[in-house]
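Working notes, structure below.
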Amino acid sequence: MAHEIGLTPSIVTVPKTAPSARNRFIYTGHRSSTSISPILKAALPVIPSALLEPFRPRSPLHGDPSGVADESVDEFTARRFGRALADELASAGIHGIYAGDTRRLSIRAVLPALWELEKEWGSVILGALFGSFARKRGWKENSPWRIRQQAEMEETERVKERIRANGGDALVEVMEKASVWGVKGGLQTLTETLREKLEAEGVEFWMGKKGKVEHVEKVGGAWQIRTSTNSLDASQLVTTIPQLLPPSLAPPSPPATTVSVVNLAFKQPSLGSPALHPAGFGYLIPRTVPPSLNPHHALGVLFDNDVMPEVDSSSSHGLTKLSLLLGGSYWLDRHPPPRPSHDELVNAALQTLRLHFPDRTFPQPVHAYTHTHVNCIPQVPPGFMPAFRAFGDRLREAGNVAVVGGGFAAVGVNGCVKAAWEVGSAMARSVNAQAGGKREGEAEEKVREAVARTVQTGTEMWEL
């Protein structure tokens, strides 16, 4: 999408050989200069237990005839790889991705590949090592999940070929070698450019008060949408706020974590003084770290100067920038969730850094920005998948409606864009069928771009 709207020159990547890709740390909870350990080093103590994984029995849950058996990420990783890995590496990783607690997240929702590997092979490690080899030779039958994964891989290859056909060979090569990617000016450049392109093609955007949706109802074959200033009938509806749908289409409501983000910028230490942090991406904090060393419920710390140096210009201004994530799963049972003040968050972040880097000096920051994202990341608990499937069935029965966004796709921009692409493709096929098969390519591309925009802006409608 970025390539096709002319943003290729603005795309920046960090190669897999960069320090931020190679150096990812975990806080081990020791008050010393070595408390921030590379993840591979932190994994050494759990290797003996992990090597026994192929010899552990397959869970009897896979024999459940209903097909809805489930367990938590913590239960699965402890059972397959040992308690140490579950408590340290797994809990730290889930803190970083979902701001969640492995004990309260569904393995089938969060890490379905691990569940399927055990189901197919009786072992995650054996399945990862030999699965592809066996399937290519027809020794192993593809499961329904594996068939879907293969279809997604084939779609990815088609997208790459399409980019190459439009002069994007260099972009494909760079992206395949990248650990992370971004856009100059930040990711808002992507959505702003997409909006400009679509407006030039006649797509209308209702933003602010004009676009605030108050009521949605399906009457006959059309969706009636009423905003604070207007109303319209639409043949297709895409939403990232499913709570606005009619009660008959009520979505499942899993709990969600609230996360405070604290961005701090410090003057870089003078020559000869140690840097404020080691070179790398940042570090994650497992739940096993005691309150005495994590009193403010930090989940992780990002070293922004290293994560995306071509996007973040802090270094060129003589600054070291750090971002801290606080709260998440630690606040799940607090209702309403905490809303710390700006000063409280800055002080909490500084105290956390001083605890974790006792040999470094953290002065007051030159700049500080804070924001608390309330109920921002859904936490799908074990056994919740049937509710999501039932919701999908209701949407299909209603027809001409789709839900996208972080709550119903993978966490992060890539997952949201992928879900939007799939929804847009399906809508384009529907529109094309209604139009008698005319201009399929043109219709499909316009709808894909339009739906992708909904991922960033909330609920928006297109009359197609």
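A single entry from Val380, Val366, Val307, Val374 fulfils the requirement of being within 25 Å of the chain's Cα centre (by Cα), over 30 Å from Leu245 (Cα atoms) and surrounded by 12 or more Cβ atoms within 10 Å (Cβ to Cβ): Val307. Restricting the search to strands (runs of 3 or more DSSP E) fully inside region 124-243 and requiring at least 3 residues that are within 27 Å of the chain's Cα centre (by Cα) gives 178-183, 236-239. The set of residues in region 337-363 that are acidic (Asp, Glu) and either in a loop (DSSP other than H, G, I, E, B) or under 30 Å from Ala69 (Cα atoms) (or both) contains only Asp359.
Residues that are touching a residue at least 40 places away in the same chain (Cβ under 8 Å) and part of a loop (DSSP other than H, G, I, E, B) within region 38-60 comprise Arg56, Pro57, Arg58, Ser59, listed in sequence order. For the condition in contact with a helix residue (DSSP H, G or I) (Cβ under 8 Å, 6 or more places away or on another chain) and either of a type outside the set (S, T, N, Q) or modelled with pLDDT of 95 or more (or both), Ile47 does not qualify. Residues in region 213-239 that are in contact (Cβ under 8 Å) with a residue 60 or more places away in the chain and surrounded by 13 or more Cβ atoms within 10 Å (Cβ to Cβ): Val213, Lys218, Trp223, Ile225, Leu232, Asp233, Ala234, Ser235, Gln236, Leu237, Val238, Thr239. On the stretch given as region 364-385, residues that are in contact (Cβ under 8 Å) with a residue 60 or more places away in the chain and either within 25 Å of Val216 (Cα to Cα) or part of a loop (DSSP other than H, G, I, E, B) (or both) total 13. With respect to the stated conditions, Ser32 fails to be surrounded by fewer than 17 Cβ atoms within 10 Å (Cβ to Cβ), among the hydroxyl-bearing types (Ser, Thr, Tyr), at pLDDT 80 or above and farther than 30 Å from Arg389 by Cα. Val311 is checked against (1) part of a loop (DSSP other than H, G, I, E, B); (2) aliphatic (A, V, I, L, M); (3) modelled with pLDDT of 95 or more and fails just one. What number does that condition carry? Val311 satisfies all of (1) part of a loop (DSSP other than H, G, I, E, B); (2) aliphatic (A, V, I, L, M); (3) modelled with pLDDT of 95 or more except (3).
When the residues of region 334-346 are filtered to those that are under 28 Å from the mean Cα position of the chain (by Cα) and farther than 21 Å from Pro378 by Cα, the one that is surrounded by the most Cβ atoms within 10 Å (Cβ to Cβ) is Leu345.
Surrounded by fewer than 16 Cβ atoms within 10 Å (Cβ to Cβ) and over 26 Å from the mean Cα position of the chain (by Cα): does that describe Asp359? Here the answer is yes, as Asp359 does meet what is asked. On inspection, Ser270 does not qualify as free of Cβ contacts under 8 Å to residues at least 60 places away in the same chain, in contact with a helix residue (DSSP H, G or I) (Cβ under 9 Å, 6 or more places away or on another chain), assigned to a loop (DSSP other than H, G, I, E, B) and loosely packed, with under 14 Cβ neighbours inside 10 Å.
The values are calculated or read from the model by the stated rules, or taken from the named source; none is laboratory data. Values in this document were obtained by computation on a predicted structure and should not be read as measured data. Note that we place each Cβ from the backbone using ideal geometry, even for glycine, and neighbour counts take in every protein chain shown.
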